[in-house]
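Trainee: Handing you this structure, nothing more for now.
Just so it is clear, none of the values below were taken in a lab; they were calculated from the coordinates. Please read all numbers here as calculations on a predicted model, not as lab measurements. All Cβ positions, even for glycine, are placed from backbone atoms using ideal geometry, and neighbour counts span all protein chains on display.
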Amino acid sequence: MNMKKIKIGLLGCGTVGSATYEILQMNADKIAQKTGVIIEVAQVFVRSMEKNYPVPKRLLTTNFQNMLDNPELEIIVELMGGIEPASTYMLQALKAKKHVVTANKAAVAAHYADLIQMSAENQVMLRFEASVAGGIPVLDALQAPLNSNEIEEVLGIVNGTTNYILTQMIESGKSYETALKLAQEKGFAEADPRADVEGIDSANKLSILLALAFDEIVPVETIPTSGISQLKSVDIKQAGDLGYKIKLLVRGKKMEGSLQASVQPMLVPKDHMLAAVSNEFNALLIRGNAVGDLLFYGRGAGGLPTASAAAGDIIEIANAIDKNAAFDTYVNKLSQSQLIFSGEGENAYYVRLTGQNRPGTLGHITSLFGKNDISIESVTQVAKDECASIVFIIHEIAREKLDRAIRKILNLDDVLSVDCILSVIT
Ligand SMILES: NC(=O)c1ccc[n+]([C@@H]2O[C@H](COP(=O)([O-])OP(=O)(O)OC[C@H]3O[C@@H](n4cnc5c(N)ncnc54)[C@H](OP(=O)(O)O)[C@@H]3O)[C@@H](O)[C@H]2O)c1
């Protein structure tokens, strides 16, 4: 049988680019057998012709315009990373009526509306499954398989670097600095780890999740975001003693017409599904009003897992081209949202503070919490010499209300400092 050949161009040939090439070669027969099309990598855009890439040299080009002008290329697969020039290249490719696949969460989150609009205007597809949770098909799941559901919540761990660091702190008692160094040695953290440890990478992914789960474009810079670089071993230990593990979580939650979203380290009860997700693994819990809770678990990064998602997108598009199907763009769904973005919403909290080790300190603090309508679930006090370390778990409350009470508590004579406030999953 004469199979249709679909030619694609790769932008970038690093970890994910070379792994995508590898999958398409390794599983070429299987892909052809299953889909009835042959997918051929016809050009690879790189920065230097001198460097050794694991693809035949004849495929390399350093001229992007070359690829744009090549009428044979039907799909452009952007695997360079960074917001620019990747975003501009993707917009140009869509405008040239080429379908686009990308793994680039920073570019997709920064230019979501423009990219979607450009794909719709030119009736070509844009797919970015690999941009969130690597090899785990969470974005796809939020489409057709869950279309009959109202999505109520997405909650999860979408950054393997920080989960690896936290696992080392929790299980081996390492300090943040030692755990980060180990993550860098093992290749789980970049030399410059800021995007991961400050929660920016997770916020980019959450912004994309919010668009697909709730049809809502929430700019990354408006998502309340905090990372793990300020976390102290003492809080990992205290949380553990109270029955929790600290995880860097992304959360998007629909509440009575509003949408709450945040990226922050949170206390997760040890018997919660997400507490069992260790090391570099990712997991996302999706709650639908019909299906209930679904947990997606797996490798959120790495060459082959991420390339598996990119290759899946390429095959979906190749199938649509082969069948002359209408190209599905996401644009119509976005205009439907009526939700008001309301930041972080209400949470339970872990509060650790240091007070004078003398009679009355605890009473003064609890009475101030009471006067401010803040209800305490538990309190633990460890006294050492002149100081006492006091940890409260506070019932659900708006953060502004807690902050108002904390300001008053800091004015008490017997309180020395408020050392840590973290949200708690209940
Ligand atoms: N690695 C993962 O586990 C992972 C997981 C999920 C998503 N992603 C996403 O996948 C994308 C690629 O990541 P990666 O880890 O494969 O990165 P990488 O190993 O650094 O590879 C990037 C490739 O793109 C090329 N490149 C970068 N900027 C370029 C430019 N301006 N012009 C031409 N070529 C350029 C690089 O060229 P040189 O070879 O000359 O440096 C390199 O070949 C990123 O968006 C990343 O966020 C990665």
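Trainee: Take the residue pairs Lys181/Lys270; Lys34/Lys186; Lys105/Lys245; Lys57/Lys323; Lys30/Lys95 and return only those whose Cα atoms are more than 29 Å apart.
Mentor: Values: Lys181/Lys270 26 Å; Lys34/Lys186 37 Å; Lys105/Lys245 27 Å; Lys57/Lys323 32 Å; Lys30/Lys95 32 Å.
Over 29 Å apart, Cα to Cα: Lys34/Lys186; Lys57/Lys323; Lys30/Lys95.
Trainee: Determine the distance separating the Cα centre of the range 50-108 from the Cα centre of the range 339-381; give it in Å without decimals.
Mentor: Centre-to-centre distance over Cα atoms comes out at 52 Å.
Trainee: Still on this structure, I have one more. If I model a spin label as a point 7 Å beyond the Cα along the Cα-Cβ vector, how far apart are those points for Lys181 and Asp403 in nm?
Mentor: Calculated label separation equals 3.6 nm.
Trainee: I need two numbers for the range 140-299: Rg to one decimal and Dmax as a whole number, Cα atoms only, in Å.
Mentor: 15.7, 46
Trainee: Next question, about the same structure. By how many degrees, between 0 and 90 and to the nearest 10, does the Cα long axis of helix 200-214 differ from the longest principal axis of the chain?
Mentor: The helix 200-214 is inclined about 70 degrees to the chain.
Trainee: Could you work out the equivalent-ellipsoid semi-axes for the chain, taking the square root of 5 times each eigenvalue of the Cα gyration tensor, largest first, in whole Å?
Mentor: 46, 23, 17
Trainee: If I model a spin label at Asp322 and Ser342 as a point 7 Å from the Cα along the Cα→Cβ vector, what separation in nanometres do I get?
Mentor: 4.8 nm
Trainee: Given the Cα-Cα distance of Glu50 and Asn27 and 0.36 nm per residue of separation, how much length would full extension add, in nm?
Mentor: In short, 5.4 nm is gained.
Trainee: For the chain, set up a GNM with springs between Cα atoms under 10 Å and report which of His111, His99, His364 has the largest fluctuation.
Mentor: Highest fluctuation among the options: His364.
Trainee: Moving to a separate point now. Quick one: helix 176-185 against the long Cα principal axis of the chain, what's the angle to the nearest 10°, folded into 0 to 90?
Mentor: Tilt relative to the chain: about 20 degrees.
Trainee: Ranked highest first by average number of other Cβ atoms within 10 Å, how do 224-235, 162-173, 25-36 line up?
Mentor: Working: 224-235: 17.8, 162-173: 21.5, 25-36: 13.1.
The densest-packed peptide leads the list: 162-173, 224-235, 25-36.
Trainee: Relative to the longest principal axis of the chain, what angle (0 to 90°, nearest 10) does the C-alpha long axis of helix 361-371 take?
Mentor: 70 degrees
Trainee: Normalized C-alpha radius of gyration of the range 346-424, against 2.2 N^0.38 Å?
Mentor: 1.00
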